[in-house]
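Below you'll find the structure, written out as structure tokens, and then a few comments.
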């Protein structure tokens, strides 16, 4: 297994900035990965995503294995060629989506049996199958181990059993991944909101050895403050020299606090999902452009942005597009939100490098909370 070189360029307290170097390009950290669920970042061209500043995308194992099928993607040249994206791709393991199926799945030591939400067909996902799909068929630069997502809230006994299953599946995922020259695999720390379990999980995964370490099992209902507490007591048990990835997060305030606690990578569907529903993320917090108060507002969302969607279209025009049900409305707002999240990450990287991150953090928290 290859550990991609990870360089830390500057730190301020626990916040850090640097880069993860992959054969397909450098990933500047802290990094936000737009989510390309079905081999597309919804409503955007890949050129727009790259121009917005994204260094890496996330692909979805569960959805791609069901449609169009990972074997088909492989026959068509792999996910990068299929979706016309030549930068790095990280794929999730499929575990979270299968976990969210509830009554359609059955978990056991070997893996998880589930029925497709599309047509009801039966499927089986094991650690070995997940790695085959991610690394072999899709050609992901970074694959994730298959883990068992823990219910929240959970008792200590439930969380321990789930966490230990994830460790065993982590070892199997790593063994299936084997030795590869241009790809790597990340482990996933579980343990719900129990400090001793998070420590045990982190230490056990390091004994197995991964190219990076994710914090899983958050943003599942525990709330912002508890999330930050879990990150706070988990991060010290993760190796400094490897990237840390907080899965499925999230809102800008969540990302800001996670960066302050030493996290390097993030992903979330929020920018495009918000964009499809009329919500724009801004430096002063989110606004809903469907609201009547924007009907005659001729100012852009952000006149200082480098993104045309943010800079060149008025709020009144966007309000009109949403009311008229025009396709362009979610396209423009998804573009804006994607660019805003990337500008936010760049602003944090610059502040950490300049030693002004704490001031930035205090300023943004005063606006967003």
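FYI, it's all coordinate maths here, none of it is from the lab. Small disclaimer: the values here were computed from a predicted structure and weren't measured. Neighbour counts are summed over all protein chains in view; Cβ atoms, including those assigned to glycine, are modelled from backbone coordinates with ideal geometry.
Report the Cα centroid-to-centroid distance between the range 48-119 and the range 235-305 in angstrom, as an integer.
First find each Cα centre; the distance between them is then 23 Å.
What ranking do 263, 220, 98 get, fewest neighbouring Cβ atoms within 10 angstrom at the top? Could you put the intermediate results ahead of the total?
Values: 263 27, 220 18, 98 24.
Result, fewest neighbours first: 220, 98, 263.
Sorted by mean Cβ packing within 10 Å, highest first, what order do the peptides 188-198, 160-170 take?
Working: 188-198: 23.3, 160-170: 21.3.
In decreasing order of mean packing, 188-198, 160-170 become 188-198, 160-170.
For the range 226-369, go through all pairs of different Cα atoms, get the mean of 1/r, take its inverse, and jot down that Kirkwood value in Å. Kindly include the intermediate steps, with their values, before the conclusion.
On the way: mean 1/r = 0.0614 Å⁻¹.
It is 16.3 Å.
Hey, got the Cα dimensions of the range 275-336 along the principal axes, in Å, largest first?
If we take the Cα atoms of the range 275-336, the spans are 27, 21, 19 Å.
What are the equivalent ellipsoid semi-axes of the range 1-138, built from the alpha-carbon gyration tensor (square roots of five times its eigenvalues), in whole angstrom, biggest first?
29, 18, 14
Which percent, to the nearest 5, of DSSP beta bridges fully inside the range 6-268 are antiparallel?
Values: 19 of 42 bridges.
Of those bridges, close to 45 percent are antiparallel.
For the range 296-364, take N as its residue count and report Rg(C-alpha) divided by 2.2 N^0.38 Å.
Its radius of gyration relative to the 2.2 N^0.38 Å reference: 1.35.
Compute the distance from the alpha-carbon center of the range 160-225 to that of the range 10-40, in whole Å.
19 Å
What three numbers, in Å, describe the spread of the alpha carbons of the chain along their principal axes, ordered from the longest?
Per principal axis, max minus min of the Cα coordinates gives 59, 48, 41 Å.
In nm², what is the average projected area of the convex hull enclosing the Cα atoms of the range 131-290?
Working: hull surface 41.4 nm².
Seen from a random direction, the Cα hull of the range 131-290 projects 10.4 nm² on average.
What are the semi-axes of the equivalent ellipsoid of the range 198-304, taken as the square roots of 5 times the eigenvalues of the Cα gyration tensor, listed largest first and rounded to whole Å?
36, 13, 12
Using Cβ contacts closer than 10 Å as the measure, can you line up 138, 104 from fewest to most? Spell out each step's value before the answer.
Details: 138 25, 104 14.
Ranked by crowding around the Cβ, least crowded first: 104, 138.
Using the reciprocal of the averaged 1/r over all distinct C-alpha pairs, how large is the Kirkwood radius of the range 99-147 in Å?
It works out to 11.6 Å.
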